[in-house]
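The values are calculated or read from the model by the stated rules, or taken from the named source; none is laboratory data. Nothing here was measured: the structure is a model prediction, and the numbers come from that model. Glycine also receives a Cβ, built like all others from the backbone with ideal geometry; neighbour counts cover every protein chain displayed. Protein only, heavy atoms only, side chains kept; ligands, DNA and RNA dropped before computing areas. Shrake-Rupley method; radii C 1.70, N 1.55, O 1.52, S 1.80 Å.
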Amino acid sequence: MTNDLSAGFGTKAVHAGQSPDPSTGAVMTPVYFTSTYAQAAPGDHKGYEYSRTHNPTRTALQDNIAALENGKLGIAFASGLAAVDAIVRLLKPGDELVSTNDLYGGTYRLFTKLFAHYGIVFKFVDMTDIAQLEEALTAKTKLVWVETPSNPLLHIIDIKAVAALKKKYDFTLVVDNTFATPYLQQPIHLGADLVMHSATKYLGGHSDVVLGLIVAKDESLAKQLLFIQNSAGAIPGPMDCFLVLRGIKTLHLRMKQHCENTKTIAHFLQAHPKVEKVHWPGFSSHRGHAIAVEQMNGFGGMISFIIKGDKGADARNFLSNLKVFTLAESLGGVESLCGHPASMTHASIPKEERIKAGLSDSLIRLSVGIEDAADLQQDIEQALSKI
Ligand code: P1T
């Protein structure tokens, strides 16, 4: 079964793109460790010539994510940032890309420190206010980049409202769906042209692989991206593709637990006397709550928050005192992680820009895992008690 759109999410997660190996009956997709494929006569092959262009393990993963995101084609890359890089290569000097102003620091760095040198113009706007987005759009805008929920402030952008602007302006809408995953949010249904993932996070799910994915809604964009994938060559190896395929088989189960645990922790933090502000789209007081209810099937596994009166020192102490949460970059694994965006994942954004976007030195980010929520809560309580 490759792309049976009538099947439920869990069924597609387990089976899409995969069927027992015809030569042996192996139920799990083999890891094809080969760089090349025998040809019977020049040009007479079975659809596989060279592994930069095609590899059967990668094909299975690409078909699987295309089915989950309801797109035409999946295209896999060596990392999430390699996937971002491939998308920006669709542009030419003079073209403009308008992006959300709260986004992963590495994406910001790639835009402003690498691609800006090639004459592509980047604008960062607060898209929680669609009027601000429309103000930034011009005839030169070729791409609109939406990260929702955003990293690390959990802003929610109305994908349908952004897509509605395509009637008036001619741009390709990209949604970085890393925080939500297709289990919680399906951007193509909401009007996106491309969906991008750091599969390193929830899709892989076990913090053991780095990989990026794109799903294209239509054939023409898919072809251009396949050309870039083959020409620039930033492909993942077959073992990495296998690990993500295996991770995705439990995505729906893991996401349910991430959402449930995160709800418990968010409410616990919100009620704690030492906590000033909690960012989590599940609160009815969250600015994007109504949109999240509309466009997501749950509020995800990420929280960011600030300790009362903190200038940054308390955040650092708190993070060093956690025992069950591991202080580390990344997110989306079964284990809980914590981080300090200002000095870790978003350190590449100049301080002035960070502060302008609301990302202060006191912000703490949690990736809530699937351990027992009571243990996670106790861990946070003991770390806060030392402040
Ligand atoms: O790390 P990589 O697989 O290259 O993916 C980059 C990326 C893209 N988009 C989003 C929303 C991301 O969160 C990331 C990577 N983020 C982290 C490593 C982090 O800790 O936030």
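Structural remarks
- Any hit, the stretch 293-313, residues being under 30 Å from residue 209 (Cβ atoms), assigned to a helix (DSSP H, G or I) and either of a type outside the set (S, T, N, Q) or not assigned by TED's automatic domain parsing to the domain that holds residue 130 (or both): yes
- Flag: residue 354 matches the condition of being within 16 Å of the ligand (Cβ to nearest atom), open to solvent by less than 50 Å² (accessible area, probe 1.4 Å), of a type in the set (D, E, K, R) and free of Cβ contacts under 8 Å to residues at least 24 places away in the same chain.
- Test: residue 192 is away from the ligand (no atom under 16 Å from the Cβ), outside the structural domain of residue 374 (by TED's automatic domain parsing) and open to solvent by less than 10 Å² (accessible area, probe 1.4 Å): no
- Criterion violated by residue 238 - all others in (1) touching a Phe, Trp or Tyr at 6+ places or on another chain (Cβ under 6 Å); (2) within 30 Å of residue 303 (Cα to Cα) satisfied: (2)
- Test: residue in the stretch 298-319 that is surrounded by fewer than 23 Cβ atoms within 10 Å (Cβ to Cβ) and within 30 Å of residue 191 (Cβ to Cβ): yes
- Any hit, the stretch 195-213, residues being in contact with a helix residue (DSSP H, G or I) (Cβ under 9 Å, 6 or more places away or on another chain), away from the ligand (no atom under 16 Å from the Cβ) and open to solvent by 10 Å² or more (accessible area, probe 1.4 Å): no
- Exactly one residue out of 123, 113, 140, 72 is in contact (Cβ under 8 Å) with a residue 12 or more places away in the chain, within 16 Å of residue 226 (Cα to Cα) and open to solvent by 10 Å² or more (accessible area, probe 1.4 Å): that is 72.
- Of all residues in the stretch 245-258, those satisfying the criterion of being over 16 Å from the mean Cα position of the chain (by Cα) and of a type outside the set (A, V, I, L, M) are 246, 249, 250, 256, 257.
- You will find that of 107, 128, 112, the residue that is under 19 Å from the mean Cα position of the chain (by Cα), within 16 Å of the ligand (Cβ to nearest atom) and within 22 Å of residue 360 (Cα to Cα) is 107 and no other.
- Pairs with Cβ under 6 Å, 6+ apart, first in the stretch 4-24 and within 11 Å of residue 56 (Cβ to Cβ), second open to solvent by 70 Å² or more (accessible area, probe 1.4 Å) and among the hydroxyl-bearing types (Ser, Thr, Tyr): 17/2
- Residue match in the stretch 70-86 (condition: more than 14 Å from the ligand (Cβ to nearest atom) and at positive phi): yes
- Here residue 365 does not fit the description of being crowded, with 21+ Cβ neighbours inside 10 Å, within 16 Å of the ligand (Cβ to nearest atom) and at pLDDT below 95.
- Screening 153, 173 for residues that are within 16 Å of the chain's Cα centre (by Cα) and more than 22 Å from residue 214 (Cα to Cα) leaves exactly one candidate, 153.
- Restricting the stretch 20-57 to residues that are in a loop (DSSP other than H, G, I, E, B) and of a type in the set (Asp, Glu), the residue that is nearest to residue 75 (Cα to Cα): 49
- Of the listed requirements (1) touching a Pro at 6+ places or on another chain (Cβ under 6 Å); (2) within 14 Å of the ligand (Cβ to nearest atom), residue 292 misses just one: (2).
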